[in-house]
Amino acid sequence: MPRVLSALIGLMLCAPAWALTGNAPPASGFAARPLVMIVDPRGDLCTGTALARDLVLTAAHCVTGKLAYQVKTFQGGQTISVHGVALHPGFNLASYAASRATADIALLKLSAPLNDLIMPAKLAPDRRVAAGETLTIAGFGVTAAGTARGLGLPRMATLTVTGKPGGLQIRLLDPATRNLRIGLGACTGDSGAPAFEPASGGVIGVVSWSTAPADEEGCGGLTGVTPLLLYRAWIVDTARKFNSPLAP
């Protein structure tokens, strides 16, 4: 069953979390520049992607509560309050909880612009991905089971598209472990993280869930991504309504 990937920081020492990206390197280049953390008063942490200086893309299931969300550039770095939250109208929390594909996409309007450490990402070309191609994910999740190790430090991993990818869901796996044993992949703290198309460096999807190997609950097996293919027009239109138009 897919596992929710938002991280409850206060309980992290008790959380049965396998490595977000195992021994993956720190995020760098196009995968690092737009990354931000999304936190709330309860200590929940998700990952987001700046699409403009005051606009962040993330997973809808990360921001369903009526809470005072904040965006941080890094641990101890710039903190900005979220002024507005827009969930895609097709998102259904019950479907998400039941492991059914849904429009797990949200945009956050910030109360002030991000600093120059952040370079907003562009959306990838509008297309379907194919099995066998690679995508790069990057996020702030944990890197060791049952600990808070690595939480809040951005890392990246290049994973392979598997199965029959469509407009509603993309499944990724570590090509070295093939979902047979624990490998690289998203985990606790990585919900909302971007999936990049390496060729263009553009965002092509948002991380929604993970499994342990053999489709068990956990991490290190499959990483589930909500592709932006069906939601691109909504993202562009909502950004415009937030007065944060996207770069062409």
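The values are calculated or read from the model by the stated rules, or taken from the named source; none is laboratory data. Since the structure is predicted, the reported quantities are computational estimates derived from the model, not experimental observations. Please note: Cβ atoms are built from the backbone with ideal geometry, for glycine as well, and neighbour counts cover all protein chains shown. These area figures cover heavy atoms from the full protein model, side chains too; ligands, DNA and RNA do not enter into them. Shrake-Rupley method; radii C 1.70, N 1.55, O 1.52, S 1.80 Å.
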If unit charges are put on Cβ atoms (+1 for Lys and Arg, -1 for Asp and Glu) and the dipole of the chain is taken about its Cα centre, the option from C187, S210, V82 lying farthest towards the positive end turns out to be V82
Percent relative contact order for the chain, counting Cα pairs under 8 Å at least six residues apart, stands at 27
Which of M156, M37, M119 ends up with the largest GNM mean-square fluctuation for the chain, with Cα atoms connected below 10 Å? M119
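Within a Cβ distance under 14 Å of F74, other residues only, what is the Lys/Arg minus Asp/Glu net charge?
Working: positive: R33, K72, R155; negative: D116.
So the environment of F74 carries a net charge of +2.
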For region 144-206, dividing by residue count, accessible area per residue (probe 1.4 Å) in Å² works out to 37
Using a probe of 1.4 angstrom, how much of the accessible area of the chain is carbon and sulfur, in percent? 57
Kindly state, to the nearest 0.05, the FRET efficiency for A68 paired with R127, given R0 = 45 Å and r defined as their beta-carbon distance. 0.75
Pick the calculated Cα Rg over 2.2 N^0.38 Å for this structure from (i) 1.07; (ii) 0.89; (iii) 1.02? (ii)
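How much area per residue is accessible in region 74-131 when the probe is 1.4 Å and only protein heavy atoms are counted (Å²)?
In whole numbers, region 74-131 has 53 Å² accessible per residue.
Run the dipole for region 59-187 about the Cα centre, Lys and Arg Cβ at +1, Asp and Glu Cβ at -1, nothing else charged, and hand back the magnitude in debye, nearest 20.
On the way: 13 positive and 5 negative charges, 48 e Å.
With Lys and Arg at +1 and Asp and Glu at -1, about 240 debye.
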Residues of region 212-248 with amide N under 13 Å of the 7 Å Cα→Cβ point at S95: 226-227, 230-231
Given the options L153, L222, L67, which has the most mean-square fluctuation in a GNM of the chain, springs set between C-alpha atoms less than 10 angstrom apart? L67
Say each of N243 and R149 gets a label point 7 Å from the Cα, pointing the same way as Cα to Cβ; how far apart are those two points in nm? 4.7
Just P25, P120, P175 to compare: in a GNM of the chain, with alpha carbon springs under 10 Å, which one fluctuates most? P25
